[in-house]
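Inspection log for the structure reproduced underneath, given as structure tokens.
Laboratory data are not the source of any read-out in this text; all were calculated from the coordinates shown. Small disclaimer: the values here were computed from a predicted structure and weren't measured. Cβ coordinates were reconstructed from backbone atoms using ideal geometry, including for glycine residues, and neighbour counts include every protein chain displayed.
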Amino acid sequence: MDSQRAQALKLLKTCPMMRLKDFAAHGIGPETLARLVRDGAVVRPARGLYQLADSPGDAARVLAEASALIPKGVICLISALQFHELTLQMPSAVWMAIDRTAWRPKIDYPPIRFVRFTGPSLTEGVERHSIEGVEVAVTNPARTIVDCFRYRAKVGLDVALEGLREGLRQRKVTSDQLWTYGTKGKIWSTMKPYVEAMVSDGA
């Protein structure tokens, strides 16, 4: 048991966030993890997810926690804007896209707000980043801004405009990229006047 404990702690120092099945693959049983949690050495931020108790918490870690629990999900909308530093908004929940036909997981923590994407929408314009050893799928800046316009009834037009302004100002997006995703998302006619105005103003 002590060797399992030492191995579990060593694994968490290498990969700061692990699932129960990840430990099982290394021969570490749930009773060892339960003891580590009781001793305060390890915390369980969500069911089946473990990390060291002294691990720092930040917005990126929350995205990693959500992605570890839902590997096929894609971080999107306000959460993706925040990840790309294109908004000052602090979303109260992680915005995550899942397939239209996928089962909607019931998760207590972190709070997740789901939207449904279909087919290519789950893969086009999606980047993969490693956060705390977890692969996190995030829509790229241009795709994120376009999605915010598409879902402006949910996130607010002001958020979409802030993302657009910052994306252009920081040169993280181009008009051509916005046109490409905007056309595919059938929202370009709505976006076009804002894009043209901000480009002409040198946003």
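In the chain, helices alone account for a calculated mean residue ellipticity at 222 nm of -13500 deg cm²/dmol, with every DSSP H run of four or more residues adding -39,500 (n - 2.57).
GNM on the chain, alpha-carbon springs under 10 angstrom: the most fluctuating residue among ALA25, ALA66, ALA34 is ALA25. Loop-located GluC sites (Glu not before Pro) across segment 28-108 with a Cβ neighbour count of 13 or fewer within 10 Å are GLU85, with loop assigned by DSSP. Using the Karplus relation 6.51 cos²θ - 1.76 cosθ + 1.60 with θ = phi - 60°, the per-residue 3J(HN,Hα) values for segment 12-22 come to 5, 6, 7, 10, x, 9, 9, 9, 4, 5, 5 Hz, with x marking Gly and Pro.
Excluding ASP2 itself, what net charge comes from residues whose Cβ is under 13 Å from its Cβ, given Lys and Arg +1 and Asp and Glu -1? Taking every other residue near ASP2 into account, the sum is +1.
Under a Cβ-Cβ cut-off of 11 Å, what is the net charge of the residues other than LEU77 that fall near it, where Lys and Arg count +1 and Asp and Glu count -1? Walk me through the numbers on the way to the answer.
Values: positive: ARG113, ARG143, ARG150, ARG152, LYS154; negative: ASP147.
Neighbourhood net charge equals +4.
Couplings 3J(HN,Hα) of segment 138-146, computed from phi: 9, 5, 6, x, 5, 4, 4, 4, 4 Hz, in residue order, whole Hz [Karplus 6.51 cos²θ - 1.76 cosθ + 1.60, θ = phi - 60°; x for Gly and Pro].
Close amide H contacts of ILE131 (hydrogens built in the peptide plane, cut-off under 5 Å, sequence separation of 5 or more or a different chain): VAL136.
How would segment 1-69 be classified by its alpha-carbon gyration tensor: rounded, prolate or oblate, with rounded meaning a/c under 1.5 and the a/b versus b/c comparison settling the rest? Here segment 1-69 falls in the prolate category. Counting Lys and Arg as +1 and Asp and Glu as -1 over every other residue whose Cβ lies under 15 Å from the Cβ of ASP22, the net charge comes to +3. Per residue, the convex hull spanned by the alpha carbons of segment 86-162 comes to 116 Å³. By the beta-carbon count within 10 Å of each Cβ, the least crowded to most crowded order of THR139, THR118, fewest first, is THR118, THR139.
When the gyration tensor of the chain is built from Cα positions, what are the square roots of 5 times its three eigenvalues, in whole Å, from largest to smallest?
So the three semi-axes of the chain are 38, 16, 13 Å.
Obtain the radius of gyration and the Kirkwood radius of segment 149-190 from its C-alpha atoms and give Rg over Rh. Here Rg/Rh amounts to 0.96. Summary value for the chain: 17 percent relative contact order, contacts being C-alpha pairs under 8 angstrom separated by 6+ residues.
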